[in-house]
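Novice: Take this structure, written in structure tokens, and hold onto it; I'll ask about it next.
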Amino acid sequence: DKQYVSFATLPNQVHRKSVKKGFDFTLMVAGESGLGKSTLVHSLFLTDLYKDRKLLSAEERISQTVEILKHTVDIEEKGVKLKLTIVDTPGFGDAVNNTECWKPITDYVDQQFEQYFRDESGLNRKNIQDNRVHCCLYFISPFGHGLRPVDVGFMKALHEKVNIVPLIAKADCLVPSEIRKLKERIREEIDKFGIHVYQFPECDSDEDEDFKQQDRELKESAPFAVIGSNTVVEAKGQRVRGRLYPWGIVEVENQAHCDFVKLRNMLIRTHMHDLKDVTCDVHYENYRAHIRQM
Ligand code: GDP
Ligand code: MG
């Protein structure tokens with residue numbers, strides 16, 4: 001039974017354009033190691049980016065944590081092609097001294113702008129490969145009581161460069177009232193520290209009532225609380241992606257259990273083009289303005 005990622009059910013107009021040309025998208029994941037970044041990517045795109053990686057020795061693994069890994073996969077659904085690039089970043093925040101631990105990540109984002117800028121000013125402008133990072137999913141620990149200094153540091157170092165979408169990781173570790181509280185706390189702190197996370201655009205007034213309602217719910221749910229899983233389990237006679245516990249099953253795609261579906265719809269159906277537009281019109285323009293001043 002084939003599972004679908006469901007980007008092929010994009011709104012009509014976008015869909016038609018995408019069928020012809022195919023589209024590409026670069027997504028970065030960041031945050032402390034062990035928060036479920038690789039697992040969530042797998043759950044989102046139903047593709048194991050890591051299956052070909054050999055097991056690393058302890059020594060190699062240490063050097064791996066300072067490396068940024070880039071995987072590209074082509075997903076095709078109902079004739080629509082998506083070229084997806086995932087940028088997996090070292091899980092920082094493990095070191096005793098976390099000062100500037102996000103430097104390799106900001107450097108990476110800048111390098112993509114630099115490359116694009118060079119290509120754009122070059123002779124062969126027709127076939128530029130756009131490797132700019134369109135969105136960064138930032139994983140926040142469910143075990144803290146809000147943002148840690150390293151979270152604030154990371155987001156402030158990147159918020160003028162990339163669309164940051166903060167997530168509460170491993171939401172199955174919290175009960176609903178704890179999630180509500182943590183969300184509220186994080187929203188307050190994002191405000192207090194002047195962090196600019198990705199802003200969902202205003203909904204067009206000519207959209208239908210269903211769409212508007214969905215849009216309101218999306219905005220109210222931020223920061224999304226997510227659960228990832230690499231396994232399919234049986235729940236009420238159905239095979240679903242979930243996590244099996246002695247007392248029951250948490251279902252990744254059950255909207256009563258977490259915001260996974262909201263996040264996925266946002267990324268691959270409703271907001272992919274806006275994320276690309278903001279990258280180009282705001283973040284890349286910032287970069288260019290900065291270059292001109294130098
Ligand atoms: P990464 O280092 O951030 O890429 O984290 P991984 O995806 O490698 O996951 C680390 C561990 O956490 C693994 O044992 C996963 O099975 C587990 N894990 C991943 N996602 C979740 C989740 O949503 N909830 C819980 N409880 N565990 C998870
Ligand atoms: Mg990982």
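Novice: If residue 186 satisfies all but one of (1) modelled with pLDDT under 95; (2) buried (at least 17 other Cβ atoms within 10 Å of the Cβ), what's the number of the condition it fails?
Specialist: (1)
Novice: Right, something else. With the requirement that a residue be part of a loop (DSSP other than H, G, I, E, B), away from ligand 1 (no atom under 13 Å from the Cβ) and surrounded by fewer than 16 Cβ atoms within 10 Å (Cβ to Cβ), what does the range 221-254 give you?
Specialist: Selection gives 236, 237, 246, 247.
Novice: Quick check on residue 186: is it under 21 Å from residue 40 (Cα atoms), β-branched (Val, Ile, Thr) and either in a helix (DSSP H, G or I) or under 17 Å from the mean Cα position of the chain (by Cα) (or both)?
Specialist: Working: under 21 Å from residue 40 (Cα atoms): yes; β-branched (Val, Ile, Thr): yes; either in a helix (DSSP H, G or I) or under 17 Å from the mean Cα position of the chain (by Cα) (or both): yes.
Against the criterion (under 21 Å from residue 40 (Cα atoms), β-branched (Val, Ile, Thr) and either in a helix (DSSP H, G or I) or under 17 Å from the mean Cα position of the chain (by Cα) (or both)), residue 186 qualifies.
Novice: Which of the residues belonging to the range 149-158 are surrounded by fewer than 19 Cβ atoms within 10 Å (Cβ to Cβ) and within 20 Å of residue 114 (Cα to Cα)?
Specialist: Hit for the range 149-158 is 157, nothing else.
Novice: Listed residues 175, 80; which is over 22 Å from residue 69 (Cα atoms) and loosely packed, with under 13 Cβ neighbours inside 10 Å? Quick ask: steps written out before the conclusion?
Specialist: Details: 80 fails: loosely packed, with under 13 Cβ neighbours inside 10 Å.
Exactly one residue qualifies, and that residue is 175.
Novice: Filter the range 255-286 for residues that are aliphatic (A, V, I, L, M) and either over 16 Å from residue 36 (Cα atoms) or in a strand (DSSP E or B) (or both) and give the result.
Specialist: Looking only at the range 255-286, we keep the residues that are aliphatic (A, V, I, L, M), and these are 256, 261, 263, 266-268, 272, 275, 278, 282.
256, 261, 266, 267, 268, 272, 275, 278, 282, listed by residue number.
Novice: Within the range 192-202, identify whether any single residue is touching a Lys or Arg at 6+ places or on another chain (Cβ under 8 Å), touching a residue at least 60 places away in the same chain (Cβ under 8 Å) and part of a loop (DSSP other than H, G, I, E, B), and answer yes or no. Before the answer, list the steps.
Specialist: Let us first name the residues in the range 192-202 that are touching a Lys or Arg at 6+ places or on another chain (Cβ under 8 Å), namely 193-195, 200.
Right, trim to touching a residue at least 60 places away in the same chain (Cβ under 8 Å) and you get 200.
Next, from what is left, pick out any that are part of a loop (DSSP other than H, G, I, E, B): 200.
Yes, the conditions are met somewhere in the range 192-202.
Novice: A follow-up question, please. Modelled with pLDDT of 75 or more, more than 16 Å from ligand 1 (Cβ to nearest atom) and of a type in the set (Val, Ile, Thr): which single residue out of 89, 85 fits that description? Reasoning before the result, please.
Specialist: Numbers: 89 fails: more than 16 Å from ligand 1 (Cβ to nearest atom).
Going through 89, 85 in turn, just one is modelled with pLDDT of 75 or more, more than 16 Å from ligand 1 (Cβ to nearest atom) and of a type in the set (Val, Ile, Thr): 85.
Novice: Which pairs turn up if I take residues in the range 127-141 that are β-branched (Val, Ile, Thr) and look for partners that are part of a loop (DSSP other than H, G, I, E, B) with beta carbon separation below 6 Å, at least 6 apart in sequence or on another chain?
Specialist: Listed by first residue and then by second, the contacts come to 133/162.
Novice: Of all residues in the range 203-235 being of a type in the set (D, E, K, R) and farther than 26 Å from residue 185 by Cβ, which is nearest to ligand 2 (Cβ to nearest atom)? Working first, answer last.
Specialist: Let us first name the residues in the range 203-235 that are of a type in the set (D, E, K, R), namely 204, 206-210, 212, 215-217, 219-220, 234.
Still in the running and farther than 26 Å from residue 185 by Cβ: 204, 206-210, 212, 234.
On the way: 204: 37, 206: 42, 207: 37, 208: 40, 209: 40, 210: 37, 212: 37, 234: 27 Å.
In this case the residue turns out to be 234.
The values are calculated or read from the model by the stated rules, or taken from the named source; none is laboratory data. Predicted model only: the values in this text are computed from it and were never measured. Note that we place each Cβ from the backbone using ideal geometry, even for glycine, and neighbour counts take in every protein chain shown.
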